[in-house]
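First comes the structure, then the notes that go with it.
The values are calculated or read from the model by the stated rules, or taken from the named source; none is laboratory data. Keep in mind the model is a prediction, meaning the values are calculated, not measured. All Cβ positions, glycine included, derive from the backbone under ideal geometry; neighbour counts span all protein chains shown. Only protein heavy atoms, including side chains, enter the accessible area calculation; ligands, DNA and RNA are left aside. Shrake-Rupley method; radii C 1.70, N 1.55, O 1.52, S 1.80 Å.
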Amino acid sequence: MPLLEADAVTKRYGTETLALNEITFAVQPGEFVAIIGPSGAGKSTLLRCINRLIDITSGDIRFDGVSVPKLRGQALRHHRTQIGMIFQHYNLVNRLSVLENVLHGRLGYKNTIQGILGLYSEQEKREAVRILEMLGLEEQMYKRCDQLSGGQKQRVGIARALVQQPRMLLCDEPIASLDPSSAKIIMDTLREINRTLGITVLVNLHQVDVALHYAERIIGINRGKILYDGVPQALSNAQ
Ligand code: ADP
Ligand code: ADP
């Protein structure tokens, strides 16, 4: 069974903007999919519909066979913990430490109380430390996030997503604010997470060359429509 199914998904903002126009595709567990398209194509809207940061206008999205638009309360919270979000601008709490930001992922994005380390069990802290070590951030653990480089901030973003033990990572332009060498580290990290932990990855990119290099499958969208869905090789031959 697919992990994710989008079935004629349409999203309008107001009456003017048709951001997604009957998008249909399915993603199997363990896939690494790049979503490419120019600015305004609908990539970010698509990811936000999948984890229900926003509601779709019509169609259906199923995650693990469950219809996402119908989820409420605890079931919606559970859905969101199964999906880790990675953002272009990291969305970290700058005045908190790296470790606090990562633990914080378990509380949800909106909770920003200080001194939160005391709220967590030793086991939760050990798990956060283990993930930070895995991502090469052991020396940054007690630094405030605003003291980090962009590439380090994005690794904190990935660590925060991983402590939730997600089944899928949705990455919205994760390298768009990074220099080429940091971008490579982040893309290598996402690929490694996909291969070793088996976590399904959907990543929005506007750089076609990066998508061709990393993805097993590319979905090309423009003006809210899927224009291409297939292996990178066929796309690069068509160019
Ligand atoms: P991409 O991520 O590919 O750049 P977006 O999903 O951000 O594309 O945007 C798709 C379209 O929807 C664009 O025309 C954009 O201006 C519009 N849009 C995105 N978010 C909103 C919003 N919150 N309200 C109104 N229009 C929006
Ligand atoms: P970023 O790339 O930094 O995430 P976005 O361009 O996606 O920035 O937009 C940031 C915010 O503005 C989002 O909440 C998005 O929904 C909103 N937004 C984007 N385009 C529009 C639009 N045309 N009208 C209203 N809100 C928009």
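Summary of computed values
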| read-out | value |
| --- | --- |
| Ser182 vs. criteria more than 13 Å from the chain's Cα centre (by Cα) and within 16 Å of ligand 2 (Cβ to nearest atom) | no |
| Condition met for Pro38 (touching a residue at least 12 places away in the same chain (Cβ under 8 Å) and more than 8 Å from ligand 1 (Cβ to nearest atom)) | no |
| Members of the stretch 63-73 found to be free of Cβ contacts under 8 Å to residues at least 40 places away in the same chain and either closer than 23 Å to Gly157 by Cβ or open to solvent by less than 60 Å² (accessible area, probe 1.4 Å) (or both), listed by number | Ser67, Val68, Pro69, Leu71, Gly73 |
| Of all residues making up the stretch 172-220, the number that are within 16 Å of ligand 1 (Cβ to nearest atom) and buried (at least 17 other Cβ atoms within 10 Å of the Cβ) | 14 |
| Hits in the stretch 74-90 - residues which are open to solvent by less than 40 Å² (accessible area, probe 1.4 Å) and over 23 Å from Ile193 (Cβ atoms) | Leu76 |
| Number of positions in the stretch 41-70 that are assigned to a loop (DSSP other than H, G, I, E, B) and either more than 19 Å from Val201 (Cβ to Cβ) or within 16 Å of ligand 1 (Cβ to nearest atom) (or both) | 10 |
| Check on Gln152, over 22 Å from Leu197 (Cβ atoms) and either in contact with a Leu (Cβ under 9 Å, 6 or more places away or on another chain) or at pLDDT below 95 (or both) | no |
| Ala41 open to solvent by less than 10 Å² (accessible area, probe 1.4 Å), within 15 Å of ligand 2 (Cβ to nearest atom), touching a strand residue (DSSP E or B) at 6+ places or on another chain (Cβ under 6 Å) and small (Gly, Ala, Ser) | yes |
| Total residues in the stretch 71-96, condition of a type in the set (Ser, Thr, Tyr) and part of a helix (DSSP H, G or I) | 1 |
| Of all residues in the stretch 1-28 being assigned to a loop (DSSP other than H, G, I, E, B) and either touching a Ser or Thr at 6+ places or on another chain (Cβ under 6 Å) or among the acidic types (Asp, Glu) (or both), the one that is least open to solvent (accessible area, probe 1.4 Å) | Leu3 |
